[in-house]
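Have a look at the structure below, then the notes.
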Amino acid sequence: MSTRARVVGDVYPKSPTTRARVDIGLPLPTGTRGADYLASLRTGLARLSGGARVAFVIAGTDVLASDPLGGLNLSVEECAQRDQLVLERLKQLGVPAVFLGGGASHQGADDG
């Protein structure tokens with residue numbers, strides 16, 4: 001059982017090789033705002049099934065509007081909502097989770 005998810009569109013991943021290595025496609029265009037991102041995430045999370053012994057979640061900040069590389073448009077609050085949604089779903093499935101921070105290498109990353 002795999003709980004890997006992917007974002008496909010013009011944001012990530014662009015490489016066909018990388019796209020082939022993940023299981024749940026969530027197409028998002030550049031500039032996607034928080035509400036649309038979170039709705040897509042909910043759809044993807046509903047497709048997850050249990051059975052994993054542990055989930056490692058890279059809770060990156062490249063989704064923030066202030067990130068020049070990510071191409072998405074979330075607020076800090078929406079980024080926190082994302083993490084909460086993922087945690088709640090993993091709890092429902094009985095899958096322990098390790099959350100790891102990522103990103104925040106851009107100017108303004110400590111705002112919020």
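The values are calculated or read from the model by the stated rules, or taken from the named source; none is laboratory data. Nothing here was measured: the structure is a model prediction, and the numbers come from that model. Heads up, the Cβs are rebuilt from the backbone with ideal geometry, glycines too, and the neighbour counts pull from every protein chain shown.
Mind listing whichever residues of the range 51-63 are in contact with a strand residue (DSSP E or B) (Cβ under 6 Å, 6 or more places away or on another chain) and loosely packed, with under 12 Cβ neighbours inside 10 Å? Correct list: 56, 58. Every residue in the range 80-102 that is at pLDDT below 95 and under 16 Å from residue 28 (Cβ atoms), please. Passing the criteria: none in range.
Can you tell me which residue within the range 14-50, out of those that are within 18 Å of residue 97 (Cβ to Cβ) and at pLDDT below 85, is surrounded by the fewest Cβ atoms within 10 Å (Cβ to Cβ)?
Initial filter on the range 14-50 (within 18 Å of residue 97 (Cβ to Cβ)): 22-24, 41-42, 44-50.
From what is left, the residues that are at pLDDT below 85 are 22-24, 50.
On the way: 22: 15, 23: 13, 24: 17, 50: 11.
Among them, the one singled out is 50.
Among residues of the range 64-79 being closer than 24 Å to residue 96 by Cα and either surrounded by 16 or more Cβ atoms within 10 Å (Cβ to Cβ) or within 11 Å of the chain's Cα centre (by Cα) (or both), the one that is modelled with the highest pLDDT is 78.
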